[in-house]
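Before any comments, here is the structure.
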Amino acid sequence: MAHYMSSGEDGSANRGGAAEMPLRSDEDVVRLRKSVREMAIEIGLSLVDQTKLVTAASELARNTLRYGGGGEVRLTLVSNGFARGLDVVFSDRGPGIPDVALALSDGYTTGGGLGLGLGGAKRLVDEFSIDTSPGAGTRVRITKWKR
């Protein structure tokens with residue numbers, strides 16, 4: 001299984017309150033956006049950081065639906081001892097991403113979505129990782145920390 005990791009994925013964060021929900025329809029994406037916004041407010045993210053996180057989560061949720069055939073998402077409040085954050089994990093059992101580097105590159109699109117792509121979603125958050133394998137699905141994890 002291919003793994004891509006950005007800053008901070010060392011497993012040291014303490015996990016707090018969590019919510020899980022299916023991603024099977026556009027209505028599920030709307031519910032996810034609302035839940036992400038509520039949890040972001042709960043930890044005190046600025047309006048700009050709330051918007052970045054909700055936008056990244058929307059893009060990844062739509063990717064989960066469109067390319068992964070639907071899946072699940074888990075939202076977890078986290079703390080690293082100094083800051084609070086929100087960790088969002090998208091999982092599907094779709095075809096996987098054959099070329100993660102290409103999918104993360106600027107300008108790469110397969111059409112649809114918000115036009116951000118994976119690279120755009122990655123830039124909106126503080127931590128980003130992808131685990132994927134052809135035929136075995138994809139797991140994308142994002143985290144936004146309160147500054």
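The values are calculated or read from the model by the stated rules, or taken from the named source; none is laboratory data. Here the structure is a predicted model, which means the values were calculated and not measured. Cβ coordinates were reconstructed from backbone atoms using ideal geometry, including for glycine residues, and neighbour counts include every protein chain displayed.
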Does Arg139 satisfy the condition of being among the charged types (D, E, K, R), within 13 Å of Glu59 (Cβ to Cβ) and either under 17 Å from the mean Cα position of the chain (by Cα) or at pLDDT 95 or above (or both)?
no
Of all residues in segment 45-96, how many are among the small types (Gly, Ala, Ser), in contact with a Phe, Trp or Tyr (Cβ under 6 Å, 6 or more places away or on another chain) and part of a strand (DSSP E or B)?
1
Within segment 8-42, track down each residue that is surrounded by 15 or more Cβ atoms within 10 Å (Cβ to Cβ), modelled with pLDDT of 95 or more and part of a loop (DSSP other than H, G, I, E, B).
none
Within segment 15-41, how many residues are under 24 Å from Phe82 (Cα atoms), touching a Lys or Arg at 6+ places or on another chain (Cβ under 9 Å) and either without any contact (Cβ under 8 Å) to a residue 12 or more places away in the chain or not aliphatic (A, V, I, L, M) (or both)?
1
Is it the case, given these coordinates, that Ala61 is modelled with pLDDT under 95, surrounded by 20 or more Cβ atoms within 10 Å (Cβ to Cβ) and hydrophobic (A, V, I, L, M, F, W, C)?
no
